[in-house]
């Protein structure tokens, strides 16, 4: 058995195996958008059959012999299919592939016709094949730039050897037995490389798909967490709005009572006293008229004060905090200096060191002013009135407090303190029962909490936090 026969038999086995691997691997290798593995499998199958026929003695092995129909047809079909598959594998655009086929297809067809007519021997036909194999080398050189570590360089070297061997054989520089090697080596190298490259690409696709799946799962989990947070926030807002609505309804009821008693009464008094003052003026009693006018002014001032309290409560319910860093010690000192005299001995006010607050300065000033004003009012009857302003650290941040040793309150009344127009001590102390309601609404808008501790006759402590941004 001659060396060419053995080589063609080995080539048939290798090329058949590569065709089977490319066909079996198929979709996993090429992905969803390419046909290169099917085209290459068909090309290797054609060349495997051609090599088998050559090994079995069907075909002219001689360099200057004329190819037979079957081997020539299978050879050209293998070249065409392999060229198409490699162009798809290299990712060439449709326009480039059309230009290649405008030249390559007529060249293959004319070469086949000339071989069938007996005008071209096997050696000259091998030169045509060498042109196509050289083109494969160019394709793999292009692939080296895109996939530098996929073995494409070896194919470039193998592809170059075929035309080099053909030319050397044509010139008589090498023994004829090497022709089969020059055909088998490039094809085997190409087949192994595209299989390797396909496996690498398939692995990369799997990794990218896994990453996309992981990212999709993460995004879905984040979306679900955000949705849960939104639902919880919405529930909190609904609960807060419901509580505010309930408070508003209760406040309206108290407001009706307050208006009926505290506003309608003074207005009726003003009307009656005004008529009496008019009669005194007509009668020429100026001193009596002046006293009545003073009473009218006092009643009017109280009515204006009540309306101002109502407006302050409404503004506190609609206020949106504009947060900034607030020097609380400086703010409290300013409020203490501006406190009006109570008619009794001024209480001792102790301001402990306070941390700066992240809050709306104007709204926070109103909170401290209302709490300090209440503390002065309810501690004024004590012989040794004392008010303390300080803070304590909690899990929700700094909790500020204003403490007094005044009349205090019972624990059962603690919930009523922050409702509008609720006055635990009745007419014993001035006011309209809206100061603590304003405090609570401001603190709520800051995302904080407010609460109070008290003992009847033992003073009270009012606490509040300001939440975070």
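The values are calculated or read from the model by the stated rules, or taken from the named source; none is laboratory data. A quick note: this is a predicted structure, and the numbers were derived from the prediction, not measured. Note: ideal-geometry Cβ built from the backbone for every residue, glycine included; neighbour counts use all protein chains shown.
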Next on the checklist: Tell me whether the stretch 172-181 contains one or more residues that are in contact with a helix residue (DSSP H, G or I) (Cβ under 8 Å, 6 or more places away or on another chain), under 27 Å from residue 7 (Cα atoms), in the same structural domain as residue 7 (by TED's automatic domain parsing) and at pLDDT 75 or above.
Outcome noted: no
Item to check | Residue in the stretch 420-436 that is modelled with the lowest pLDDT, counting only those that are in contact with a helix residue (DSSP H, G or I) (Cβ under 6 Å, 6 or more places away or on another chain) and under 16 Å from residue 367 (Cα atoms) | outcome: 420
Next on the checklist: For the list (1) modelled with pLDDT of 75 or more; (2) not assigned by TED's automatic domain parsing to the domain that holds residue 138, I need the number of the one condition that residue 244 fails.
Outcome noted: (1)
Next on the checklist: Given (1) loosely packed, with under 11 Cβ neighbours inside 10 Å; (2) at pLDDT below 75; (3) assigned to a helix (DSSP H, G or I), identify the lone condition not met by residue 229.
Outcome noted: (2)
Checklist outcome for this item: For the stretch 389-416, the count of residues that are in a strand (DSSP E or B) and in contact with a helix residue (DSSP H, G or I) (Cβ under 6 Å, 6 or more places away or on another chain) equals 3
Checklist entry - In the stretch 343-359, what count of residues is obtained for those that are out of contact with any helix residue (DSSP H, G or I) (no Cβ under 8 Å at 6 or more places or on another chain) and surrounded by 20 or more Cβ atoms within 10 Å (Cβ to Cβ)? => result 1
Checklist outcome for this item: Over the stretch 275-290, the set of residues in a helix (DSSP H, G or I) and loosely packed, with under 14 Cβ neighbours inside 10 Å is 275, 278, 279, 282, 283, 286, 287, 290
